[in-house]
Amino acid sequence: MRPILLINPNSSEATTSMMHGILRAALPAAIAMASETAKRGAPMITTPADLAIAAEEVLRIGTERADEVSAIIVGAFGDPGLDALRAAVTIPVTGLGVASLRLAAEGGRRFGVATTTPGLGTSIAGAVERLGLTALFTGTRLAASDPLALASKPGQQEEELAQAVRACIEMDGAAAVVIGGGPLSAAAAKLAPRFTVPIISPVEAAAVEVRRLLALD
């Protein structure tokens, strides 16, 4: 089988490396992996304008590499360029957003999103609606501080995300919480043991989805 390609739509090589490691651990050892980072755009996607640039990079990278790989994962929670890339290639394509929202809602479970990026709230609600999951969606809860500031303070980021997760559960009634952001996937792993409800890591959810798409289980 050809490798699975992870596209990081932001320009941070460190984020690519982190997501690659999480995805590698979640996939069968026999499955090869490749990763590529956007050459243009923001090191962290926080606005609709960032998403637009990221979508162009996803489409460029995905169409250039499609003949070399068996499936593509768009490695950002906003799924930039996902629909355009699906239309342009013949191999399976999924994204962190659609994969994690579907996993959170399995079995009719009510779910919320905890994230650090207030500028993407409308995008998250739109993704939920397109998947037909609005009736199960309890809403988005945000960390208190600026997302770019939190990115350099992982301990504070984890604590503020924990507060957002707690609000999703205790105030909104969520039975599962998605950590909304590819760069937040490492924080998701640390948060999971602190709660009794499932805490969904977008990268791990994408691994579940791509295994299903390729019938690897």
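In table form, for the structure just shown:
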{"quantity": "Criterion: free of Cβ contacts under 8 Å to residues at least 24 places away in the same chain, over 15 Å from the mean Cα position of the chain (by Cα) and closer than 26 Å to Ala149 by Cα - qualifying residue of Ala49, Ala38", "calculated": "Ala49"}
{"quantity": "Single residue of region 177-194 satisfying the filter (aliphatic (A, V, I, L, M) and within 15 Å of Gly97 (Cβ to Cβ)) that is surrounded by the fewest Cβ atoms within 10 Å (Cβ to Cβ)", "calculated": "Ala188"}
{"quantity": "Test result for Thr16, surrounded by fewer than 18 Cβ atoms within 10 Å (Cβ to Cβ), among the hydroxyl-bearing types (Ser, Thr, Tyr), in a helix (DSSP H, G or I) and not assigned by TED's automatic domain parsing to the domain that holds Ser185", "calculated": "no"}
{"quantity": "Residue in region 75-91 that is of a type outside the set (A, V, I, L, M, F, W, C), in contact (Cβ under 8 Å) with a residue 24 or more places away in the chain and either on the phi > 0 side of the Ramachandran plot or touching a Phe, Trp or Tyr at 6+ places or on another chain (Cβ under 9 Å) (or both) present", "calculated": "yes"}
{"quantity": "Check on Leu96, hydrophobic (A, V, I, L, M, F, W, C), within 19 Å of Arg212 (Cβ to Cβ), in contact with a strand residue (DSSP E or B) (Cβ under 9 Å, 6 or more places away or on another chain) and surrounded by 22 or more Cβ atoms within 10 Å (Cβ to Cβ)", "calculated": "yes"}
{"quantity": "Total residues in region 134-164, condition under 20 Å from Gly107 (Cβ atoms) and buried (at least 17 other Cβ atoms within 10 Å of the Cβ)", "calculated": "4"}
{"quantity": "Close pairs (7 angstrom Cβ cut-off, 6 or more residues apart or separate chains): over 17 Å from Glu159 (Cα atoms) and in the same structural domain as Leu133 (by TED's automatic domain parsing) in region 170-191, among the basic types (Lys, Arg) and modelled with pLDDT under 95 anywhere", "calculated": "none"}
{"quantity": "Helices (runs of 4 or more DSSP H) contained entirely in region 112-217, each with at least 1 residues that are among the aliphatic types (A, V, I, L, M) and either modelled with pLDDT of 95 or more or in contact with a Phe, Trp or Tyr (Cβ under 7 Å, 6 or more places away or on another chain) (or both)", "calculated": "121-130, 154-170, 185-191, 202-213"}
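The values are calculated or read from the model by the stated rules, or taken from the named source; none is laboratory data. Just so it is clear, the structure is predicted and the values come from calculations on it, not from any experiment. As a convention, Cβ positions derive from the backbone with ideal geometry for all residues, glycine included, and neighbour counts pool all protein chains shown.
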